[in-house]
Amino acid sequence: MQELLNTFIKSAFVDNMVLAYFLGMCSYLAVSKTVKTAFGLGLAVIFVLFITAPVNWLLHEFLLKEGSLAFLGESFATVDLTFLKFIAFIAVIASMVQLVEMIIERFSPSLYNSLGIFLPLITVNCAILGTSLFMVQREYTLAQSTAFGAGSGFGFFLAIIAIAAIREKIRYSAVPAPLRGLGIAFIITGLMGIAFMSFMGIKLS
Amino acid sequence: MKFLRNFLETIEPKMAGNKYLHTIYDGFATFLFAPNSTTSEGVHIRDGIDLKRTMVTVVMALQLCLLFGMFNIGHQHYTAYGLYPGLGEAIFTKLAYGFLQLLPIIIVAHVVGLGIEFFFAAKKGHPIEEGFLVTGMLIPLIVPPDIPLWMLAIAVAFAVIIGKEAFGGTGMNIVNVALTARVFLFFAYPTEISGDTCWVAYDYNILHNIFGMGAATLQELGQTVVPDGGMKKLLVDSFSGATPLALAAKGGWSAVADQFTLQSLFVGDIPGSVGETSKIAVIIGALMLIVTGIASWRIMLSMIVGAAFMGFFINMFGGYLSTEVFGFATANPFFAVPWYYHLIMGSFLFAMAFMATDPVTAAQTMQGKLIYGFLIGCVGIIVRVLNPAFPEGWMLAILFMNVFAPLIDHWVYSKNIKRRLARANG
């Protein structure tokens, strides 16, 4: 229990996907102009990550990992399908995103319209693929992967709604002309990264 | 006064021609005298106070902390040699020593910061913005006094350019500028500013060479005070004294109580950052800000409540909850430090009075301020207790909540809009 909580908090605050690894910057910067759309995208990312992390874990553990096909027979015991990791993970992610897209279109057409192309683009959001790959690399268990997925999603959600609120606030600020738009968004992201470093090294015991 | 005004009036036409010169002229003239130009058109709030007066009030509120901080540098220095142990002894010598230690930092912070402000103001064709007056005063109070001056200059430049001017100047920044400077030092030069132990001046500065103050010579002290270390020890510029927080992290409250009395924690004759050691000076400053209405009492109050709540929760967590409910024991002795002691250790009060209440970066709505302060209190205690990497949490807690302040405001006003819409429609 403590370990799961630790994984969750670590992935949400310390190793934040956006602010510590700078993954998923594309949708993070593009959809953070208003809080409302950022909120929707953040929730979608939480959902996708929460589902894909354990599904990908199962996929990796029972189909892709070296020797995991041994149950099919002797000759499969040495088969190593890890080279299929990327394409398999992406396929899972894409199908989850498709699901989210259908749900959002059904229940909130206005959000669906304002997210536009960035909703299907969650598929190629590095934060999501990154979560699955980190999970394999760090050799998490199934429960840990779920906590890690949820934590990463929550971290992305926090980061994107925070920057969206800031960008709404500074909309009428006298930002120097060359920095307007994305320039200042990058600077804000950097400053937010510093602020999130407050949890670096936190330990729950 | 008359003389000054006449002087300003005579040089005014000379300054008007040059863009840069006029900006500087205007900045100083309005700093010394309230300008008599008023806006004639439109509806305006008429008030005797402008941004310059607001900032100066904060600077005034900081003076007591600064004075005590200077005194404390001297006090720690002489106590380290075993001289003048009493708090009331040789006050002016100690003050002069601390003043000379701190003066270069104050000068560098102001020259670099104001220089950049002047440049940007002239470039934009705006009058000089006053925000740096407070920042420049805060920075000497929160950086270690032995920081190399070039590092300080880089940190100040980073904070003013990236933290403030990139966002459009005073009033537009999203993170506190003084804290940005300190956090830059903290992460860029971690060896200079650990926070675990604290700098106590051990060297003799210019004071002794020029005035021969301090009664004893270097030679004499080397032999009487540090007999075993001898002169070797004196070659070290300064030595580090553990702060109450570092002790608490290692041995809980009892370790702190062994070394410091409650009274000295309160009065402030202990090693620590320049500004924060004296709780009395900070409280007087805070009261000044509350009475003049410059700082929000909501933030201060809710921050105390937040810290007390989190401290209490952690006490519970360390005692009852962890063993009975969660099933894992805590090895961290910090958990057992009673929550009320958290409020007088470290820089809690200083951060509360002068950092969290920064009107620009705090939440703007009334309700938002309460939430903002409460969360700073919680996050600060979490970082302080649970994070072994940082002994003190307020700088990072405030930066963290600075980032979320616009979000809190957004939540408050969208809730308000919803409520009023429902009332109008229903």
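The values are calculated or read from the model by the stated rules, or taken from the named source; none is laboratory data. None of the values given here were measured: they were computed from a predicted structure. With ideal geometry, Cβ positions are generated from the backbone for all residues, glycine too; neighbour counts draw on all protein chains shown. Just so you know, the surface numbers come from the protein's heavy atoms only, side chains and all, with ligands and any DNA or RNA stripped out. Shrake-Rupley method; radii C 1.70, N 1.55, O 1.52, S 1.80 Å.
Structure above, values below:
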{"read-out": "Any hit, the stretch A:137-156, residues being under 30 Å from residue B:390 (Cβ atoms) and within 11 Å of another protein chain (Cβ to nearest Cβ)", "value": "no"}
{"read-out": "Boolean, residue B:311 is open to solvent by less than 50 Å² (accessible area, probe 1.4 Å), modelled with pLDDT of 80 or more and in a helix (DSSP H, G or I)", "value": "yes"}
{"read-out": "Qualifying positions in the stretch A:64-102 - under 30 Å from residue A:42 (Cβ atoms), small (Gly, Ala, Ser) and either exposed (fewer than 13 other Cβ atoms within 10 Å of the Cβ) or in contact with a Ser or Thr (Cβ under 6 Å, 6 or more places away or on another chain) (or both)", "value": "A:94"}
{"read-out": "Count of the stretch B:380-393 residues which are out of contact with any Lys or Arg (no Cβ under 8 Å at 6 or more places or on another chain) and touching a residue at least 24 places away in the same chain (Cβ under 8 Å)", "value": "5"}
{"read-out": "Long-range neighbours under 6 Å by Cβ, at least six apart or interchain, first residue farther than 21 Å from residue A:128 by Cα within the stretch A:53-81, second open to solvent by 80 Å² or more (accessible area, probe 1.4 Å) and of a type in the set (Val, Ile, Thr)", "value": "none"}
{"read-out": "Any hit, the stretch B:30-39, residues being part of a helix (DSSP H, G or I), open to solvent by less than 80 Å² (accessible area, probe 1.4 Å), farther than 30 Å from residue B:268 by Cα and at pLDDT 70 or above", "value": "yes"}
{"read-out": "Inter-residue pairs, beta-carbon under 6 Å, first closer than 17 Å to residue B:125 by Cα and in the stretch B:1-18, second of a type outside the set (Phe, Trp, Tyr) and open to solvent by less than 90 Å² (accessible area, probe 1.4 Å), 6+ apart", "value": "B:15/B:21; B:15/B:22; B:16/B:22"}
{"read-out": "Residues of the stretch B:160-186 classified as outside any loop (DSSP other than H, G, I, E, B), more than 20 Å from residue B:350 (Cα to Cα) and open to solvent by less than 20 Å² (accessible area, probe 1.4 Å), total", "value": "6"}
{"read-out": "Output for the stretch A:157-169, where each listed residue is within 11 Å of chain B (Cβ to nearest Cβ) and crowded, with 20+ Cβ neighbours inside 10 Å", "value": "A:158, A:159, A:160, A:161, A:162, A:163, A:164, A:165, A:166, A:167"}
{"read-out": "From the options B:426, B:380, B:373, residue that is within 14 Å of chain A (Cβ to nearest Cβ) and not hydrophobic (A, V, I, L, M, F, W, C)", "value": "B:380"}
{"read-out": "Out of B:389, B:336, B:405, sole residue that is more than 23 Å from residue B:137 (Cα to Cα), modelled with pLDDT under 90 and either within 11 Å of chain A (Cβ to nearest Cβ) or surrounded by 22 or more Cβ atoms within 10 Å (Cβ to Cβ) (or both)", "value": "B:389"}
{"read-out": "Residues that are over 25 Å from residue A:201 (Cβ atoms) and buried (at least 21 other Cβ atoms within 10 Å of the Cβ), drawn from the stretch A:20-39", "value": "A:27, A:31, A:32, A:35, A:37, A:38"}
{"read-out": "Hits in the stretch B:124-166 (condition: of a type in the set (Phe, Trp, Tyr) and at pLDDT 90 or above)", "value": "B:150, B:158"}
{"read-out": "Filtered residues of the stretch A:104-117 (kept if under 24 Å from residue A:90 (Cβ atoms) and open to solvent by 50 Å² or more (accessible area, probe 1.4 Å))", "value": "A:105, A:112, A:117"}
{"read-out": "Subset tally (residues that are farther than 21 Å from residue B:304 by Cα and of a type in the set (Lys, Arg)) for the stretch B:380-418", "value": "2"}
{"read-out": "Of the criteria (1) of a type outside the set (Asp, Glu); (2) farther than 30 Å from residue B:392 by Cα; (3) surrounded by fewer than 23 Cβ atoms within 10 Å (Cβ to Cβ); (4) more than 10 Å from chain B (Cβ to nearest Cβ), which one residue A:127 fails", "value": "(3)"}
{"read-out": "Residues (assigned to a loop (DSSP other than H, G, I, E, B) and either more than 7 Å from chain B (Cβ to nearest Cβ) or open to solvent by less than 40 Å² (accessible area, probe 1.4 Å) (or both)) located in the stretch A:177-200", "value": "A:180, A:181"}
{"read-out": "Test for residue A:121: is it more than 30 Å from residue B:335 (Cβ to Cβ), in contact (Cβ under 8 Å) with a residue 12 or more places away in the chain and of a type outside the set (Gly, Ala, Ser)", "value": "yes"}
{"read-out": "Answer from A:174, A:165 - the residue that is modelled with pLDDT of 90 or more, hydrophobic (A, V, I, L, M, F, W, C) and closer than 28 Å to residue B:411 by Cα", "value": "A:165"}
